[in-house]
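The values are calculated or read from the model by the stated rules, or taken from the named source; none is laboratory data. If you're wondering where the values come from, they're calculated on a predicted model, not measured in any experiment. Ideal geometry is used to build each Cβ from the backbone, glycine not excepted, and the neighbour counts take in all protein chains shown. Only protein heavy atoms, including side chains, enter the accessible area calculation; ligands, DNA and RNA are left aside. Shrake-Rupley method; radii C 1.70, N 1.55, O 1.52, S 1.80 Å.
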Amino acid sequence: MARHLKTAKPLEERAEDDAKIRAIVEGILADIGGRGDAAIRELSEKFDGYSPENFRLSEQEIENALSKVSKRDRDDIRFAHTQVRNFAEHQKAALQDIEVETLPGVILGHKNIPVNSVGCYVPGGKYPMVASAHMSVVTAKVAGVKRIIASAPPHEGAPHPAIVTAMHMGGADEIYCLGGVQAVGAMAIGTESIEPVAMLVGPGNAFVAEAKRQLFGKVGIDLFAGPTETMVIADETVDAEICATDLLGQAEHGPTSPAVLLTNSEKLARETIAEVERLLSILPTADIAAKAWEDYGEVILCETYEEMLEQSEFIASEHVQVMTDRDDWFLENMTDYGALFLGPRTNVSYGDKVIGTNHTLPTKKAGRYTGGLWVGKFIKTHSYQKILTDQASAMVGEYCSRLCMLEGFVGHAEQANVRVRRYGGRNIPYGAAAEPREVAE
């Protein structure tokens with residue numbers, strides 16, 4: 001039976017924090033809806049100390065930002081873009097329009113149509129997340145989105161040059177220097193100067209995540225996302241250093257980021273706990289990672305690989321790093337997670353920054369019902385139908401008529417009946433169901 005060698009903050013306390021955030025965000029979004037540009041300017045001044053003449057960057061401001069980024073950094077951004085674009089193009093190729101004749105004369109099909117407009121949010125608080133521009137802007141571009149706008153908060157009082165460069169190189173049509181709830185609210189609701197979008201994507205802090213949750217329905221979103229989560233599933237084929245490093249590498253995202261070790265080795269579990277403490281004494285971001293580990297770190301000791309699998313499915317973590325003697329077994333059997341990182345040669349950081357898979361992933365158990373951001377999230381699959389013959393219309397109409405009357409939908413039944421009368425030559429009283437045809441013996 002699995003047992004905890006280290007436990008995390010109780011779920012009840014986490015729920016209290018979420019409730020406070022919900023109330024704050026609701027008020028901010030209502031203000032943006034009521035006062036538009038005036039509200040987002042006040043919010044930007046309040047939270048970021050930033051109030052430019054125009055939040056949308058001009059071509060000259062974009063060029064200025066690009067000029068501040070070294071050639072090596074631009075080349076690195078371009079390399080990451082290429083990896084994300086290549087994988088997204090392969091994913092898009094797997095999405096096929098279809099058209100089939102399901103009955104004689106009855107044609108059904110679907111078309112894959114890109115969303116018309118998307119707002120991409122790129123976090124930029126303590127860590128300016130340049131990589132998030134690759135994941136959202138580049139993927140939307142591959143999907144064929146017509147209008148892509150991107151927004152990130154100011155960094156040290158100005159647009160962050162590397163983020164602007166990544167947005168621009170990725171193909172953003174409009175770039176804004178605006179952060180937090182005011183950014184996603186403005187993109188979704190619209191203001192006097194910002195035309196609203198049909199969909200919001202991109203990660204963010206707890207307030208941004210809550211804003212997206214409240215805006216869902218008014219606009220589409222990629223997924224409900226909370227703080228970054230990581231899980232390491234390991235046995236004695238790896239050591240404590242690599243386990244501890246992979247746990248803390250994600251814990252540094254923020255003080256509420258869960259980091260969980262699942263192992264069937266008590267020796268590895270205890271050595272990893274000790275190694276985490278050692279690394280925290282030298283890690284430059286230890287002030288954040290240590291708080292995350294203290295409040296949200298867990299070490300769960302399991303008896304078998306099957307029990308490790310069971311625990312991982314229950315937790316449904318965003319990132320799952322598997323380092324065992326049977327990594328492919330976990331790949332075959334795991335169903336609830338954000339993304340898998342198989343073997344010690346890869347790691348979550350590769351996926352976060354450069355390898356080509358998308359780093360916007362489901363958290364808070366959402367991996368049970370959705371995957372992460374990918375090119376398909378920007379594409380809507382719409383069905384269509386057409387009937388080529390009078391005979392087919394009358395035949396389908398007779399079934400439809402009776403099924404509508406079974407439910408009491410007389411108007412629906414008449415939509416079918418008028419076709420049966422016109423194309424099948426049958427005399428059906430208004431508001432009656434089409435009786436089955438008599439078949440000659």
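Based on what the data block shows, is Thr7 under 28 Å from Lys377 (Cα atoms) and polar (S, T, N, Q)? Answer is no for this residue.
Whenever a residue of the range 154-183 is of a type in the set (Asp, Glu), its partners that are open to solvent by less than 20 Å² (accessible area, probe 1.4 Å), lying with C-beta atoms within less than 6 angstrom and at least six residues away or across chains, give the pairs Asp173/Ile148; Glu174/Ile149. Conditions first: (1) of a type outside the set (Asp, Glu); (2) closer than 23 Å to Tyr121 by Cα; (3) in contact with a helix residue (DSSP H, G or I) (Cβ under 8 Å, 6 or more places away or on another chain). Lys364 passes all but one, so which condition is the exception? Lys364 satisfies every listed condition except (3). Residue count for the range 377-407 under the criterion of being without any contact (Cβ under 8 Å) to a residue 60 or more places away in the chain and hydrophobic (A, V, I, L, M, F, W, C): the result is 6.
Of all the listed residues (Lys380, Lys365), the sole one being among the charged types (D, E, K, R), over 30 Å from Val232 (Cα atoms) and under 31 Å from the mean Cα position of the chain (by Cα) is Lys380. Looking across the range 364-386, the residues that are touching a Gly at 6+ places or on another chain (Cβ under 6 Å) and modelled with pLDDT of 95 or more come down to Gly367, Gly372, Tyr384. For the range 354-410, residues that are under 26 Å from Leu108 (Cα atoms) and of a type in the set (Lys, Arg) total 4.
For every residue, the table says whether it meets (1) more than 19 Å from Ala30 (Cβ to Cβ); (2) crowded, with 20+ Cβ neighbours inside 10 Å; (3) touching a strand residue (DSSP E or B) at 6+ places or on another chain (Cβ under 8 Å).
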residue	(1), (2), (3)
Gly125	yes, no, no
Val130	yes, yes, no
Val138	yes, yes, no
Gly180	no, yes, no
Pro196	no, no, yes
Met199	yes, yes, yes
Phe207	no, no, no
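Considering the range 161-178, the residues that are open to solvent by less than 10 Å² (accessible area, probe 1.4 Å) and aliphatic (A, V, I, L, M) include one that is farthest from Gln83 (Cα to Cα), namely Leu178. Please tell me if Tyr430 is over 30 Å from Arg85 (Cβ atoms) and among the aromatic types (Phe, Trp, Tyr). Yes: the conditions hold for Tyr430.
Taken together, the residues in the range 408-441 that are among the hydroxyl-bearing types (Ser, Thr, Tyr) and free of Cβ contacts under 8 Å to residues at least 12 places away in the same chain amount to 0. Just need a number here: residues in the range 77-91 that are free of Cβ contacts under 8 Å to residues at least 40 places away in the same chain and of a type outside the set (S, T, N, Q). Count: 1. Considering (1) open to solvent by 20 Å² or more (accessible area, probe 1.4 Å); (2) under 19 Å from Asn358 (Cα atoms); (3) among the aliphatic types (A, V, I, L, M), the lone condition that Ala158 does not fulfil carries the number (2). When Gly109 is tested against (1) touching a helix residue (DSSP H, G or I) at 6+ places or on another chain (Cβ under 9 Å); (2) open to solvent by less than 80 Å² (accessible area, probe 1.4 Å), exactly one condition is not met: (1). When you scan the range 7-18, do you find a residue that is at positive phi and either open to solvent by less than 90 Å² (accessible area, probe 1.4 Å) or in a helix (DSSP H, G or I) (or both), even just one? No, that holds for no residue.
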